[in-house]
Amino acid sequence: MKLGFTPTQEAFRRDAAAWLEAQLSGAFSDLRGVTGQMALLERRIEWEQALGRERFSAIGWPEQFGGRDATLGEQVIFAEEYARAGAPGRVGHMGIELAGPTLLAFGTDAQKQRFLLPIARGEEFWCQGYSEPNAGSDLANVRTHAALVDTPTGPRWQVNGQKIWTSLATFAHWAFVVCRTEPGTQGHKGLSYLLVPTQQPGVTIRPIRQMNGEAEFNETFFADALTDADNIVGAPGGGWAVAMGTLAFERGVSTLAQQMSFRNELDRLVAAAKANGAARDPGLRLRLADAYSGLRIMRYSALRMLSQTDGGELSGAAFTYKIYWATWRKKLGELIMDVLGPEGEIARGLPYEWAELQGVFFSSRSDTIYGGTNQIQRNLIAERALGLPREPRG
Ligand SMILES: Cc1cc2nc3c(=O)[nH]c(=O)nc-3n(C[C@H](O)[C@H](O)[C@H](O)COP(=O)(O)OP(=O)(O)OC[C@H]3O[C@@H](n4cnc5c(N)ncnc54)[C@H](O)[C@@H]3O)c2cc1C
């Protein structure tokens, strides 16, 4: 087992760190430490484009599509340095982490040529059209449907239905949409994975205001929305395998390096505990030490997973990773509130201007839900890592 990085990888780390530091203390200094999903959106789109120009946006992708052909280890290093530098959350992450890798794995050559470079360059943004009011964990229950119709420009998919919880949709150009294309089918069969332009009359995006004041989420309505016949990934009716592939990206590599931002959050919490005296409370000290231990375990667990992979594939142990980090961070959120005490309940300003640590508490509540809830993760571990019988399905 190899629990570390090579000298070449460490050299890459220094280069990446130097570039990030130069940007975040220079042209993009206003973005250092910005955490909210929608804060300073215009500037963050410029930041995505700067990353794209330097080919730091999607470094694992082939060079021809704007990447650097970086290994999994280098991808983790870059993400670590990104968080260490206090660089802002990626507003392009739906394209970079989900749509792009899905197209690389399942897309046609024409789709890769059409879509990947604009994603890597921060010119086109994406959103994920999976969940519906009655289809979350049970994604195969989606009711959104599509059919090929004749139009003056040739056959096109016509999409109808409603999605919900569509993150970052207000400025997206495209959605990847799981929908039923074979009437009368049920469950996994008969679903397709369509790429649908969102800035058209047939698509209405209605923001959902959250308790932190932001509207990251949206309801997305499709009413005779159109997309070209060849904007389908995989075979018609064979979208389930593609949709699961996307979820594997959501639960896998893209989360491996976020520990550095968790480390930043824990460091801030320890500083707050020292400042307000909570660090002298025996119970809180215990929980702070426990949080630190959990973070170290996460790091070595990630390194172990990486050391078992050469070609970019993650091993079976990866099934435990999502539930581990999500549960850890939810506990961190609760610890934050206990360390802050009554101050944790006071907004900095109106309307609902939360301090950063309070923001961690709120966002940590969602970690055990998106990308598959903790219960769904346990089902995955039971069935796919332990080989237990499949749970009964309705
Ligand atoms: C921050 C955030 C961002 C999101 N962004 C997007 C997005 O961009 N696009 C998108 O499509 N969706 C998005 N979602 C939605 C997310 O995918 C769903 O919330 C998630 O899949 C759970 O679905 P649900 O909310 O319908 O809950 P449900 O599926 O109704 O689950 C309710 C409860 O029942 C449990 N449960 C359900 N089925 C089982 C089972 N078989 N065994 C045991 N327990 C079970 C669940 O674990 C949960 O506790 C986002 C969610 C969050 C929180």
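Would you check if ARG68 is surrounded by fewer than 22 Cβ atoms within 10 Å (Cβ to Cβ), assigned to a loop (DSSP other than H, G, I, E, B) and either in contact (Cβ under 8 Å) with a residue 60 or more places away in the chain or in the same structural domain as GLU216 (by TED's automatic domain parsing) (or both)?
Taking the combined requirement at face value, the residue does not satisfy it.
Considering each residue of region 343-358, count those that are part of a helix (DSSP H, G or I) and crowded, with 18+ Cβ neighbours inside 10 Å, and give that number.
Final tally of qualifying residues: 2.
Answer yes if at least one residue in region 69-89 is among the small types (Gly, Ala, Ser) and over 20 Å from ALA17 (Cα atoms), and no otherwise.
No - not one qualifying residue is present in region 69-89.
Sort out which residues of region 111-131 are closer than 22 Å to CYS179 by Cα and of a type in the set (A, V, I, L, M, F, W, C), and write them in order of number.
Result: PHE115, PHE125, TRP126, CYS127.
When only residues in region 71-80 that are within 18 Å of the chain's Cα centre (by Cα) and over 25 Å from GLU42 (Cβ atoms) count, which is surrounded by the fewest Cβ atoms within 10 Å (Cβ to Cβ)? Let's see the steps before the verdict.
Residues of region 71-80 within 18 Å of the chain's Cα centre (by Cα): 72, 75-80.
Applying the additional criterion that residues be over 25 Å from GLU42 (Cβ atoms) yields 72, 75-77, 80.
Details: LEU72: 19, GLN75: 21, VAL76: 24, ILE77: 22, GLU80: 23.
Ranking the candidates gives LEU72 first.
If I ask for residues that are under 21 Å from ALA58 (Cβ atoms) and touching a residue at least 24 places away in the same chain (Cβ under 8 Å), which ones from region 4-20 would you list?
Result: PHE5, GLN9, PHE12, ARG13, ALA16, ALA17, TRP19, LEU20.
Mind listing whichever residues of region 275-291 are assigned to a helix (DSSP H, G or I) and either surrounded by 12 or more Cβ atoms within 10 Å (Cβ to Cβ) or touching an Asp or Glu at 6+ places or on another chain (Cβ under 7 Å) (or both)?
Once the filter is applied, which keeps residues that are assigned to a helix (DSSP H, G or I) and either surrounded by 12 or more Cβ atoms within 10 Å (Cβ to Cβ) or touching an Asp or Glu at 6+ places or on another chain (Cβ under 7 Å) (or both), region 275-291 yields ASN276, ALA278, ALA279, LEU284, ARG285, ARG287, LEU288, ASP290, ALA291.
How many of the residues in region 103-138 are assigned by TED's automatic domain parsing to the domain that holds PRO207 and basic (Lys, Arg)?
Matching residues across region 103-138 total 0.
Which of the residues belonging to region 368-392 are near the ligand (Cβ under 8 Å from one of its atoms) and not hydroxyl-bearing (Ser, Thr, Tyr)?
ILE369, GLY371, GLY372, ASN374, GLN375, ILE376, ARG378, ASN379, GLU391
Identify the residue in region 124-151 that is without any contact (Cβ under 8 Å) to a residue 12 or more places away in the chain and touching a helix residue (DSSP H, G or I) at 6+ places or on another chain (Cβ under 9 Å) and, among all such residues, is surrounded by the most Cβ atoms within 10 Å (Cβ to Cβ).
Top of the filtered list is ALA135.
Find all pairs meeting these conditions: Cβ atoms under 6 angstrom apart; at least six residues apart or on different chains; first residue within region 152-172 and more than 12 Å from PHE222 (Cβ to Cβ); second residue at pLDDT below 95 and in a loop (DSSP other than H, G, I, E, B).
So the pair list comes out as SER167/GLU216.
Of the residues that make up region 19-34, is at least one outside the structural domain of PHE171 (by TED's automatic domain parsing) and within 18 Å of the chain's Cα centre (by Cα)?
Yes, region 19-34 has at least one match.
The values are calculated or read from the model by the stated rules, or taken from the named source; none is laboratory data. These figures come from a predicted structure and were not determined experimentally. Cβ coordinates were reconstructed from backbone atoms using ideal geometry, including for glycine residues, and neighbour counts include every protein chain displayed.
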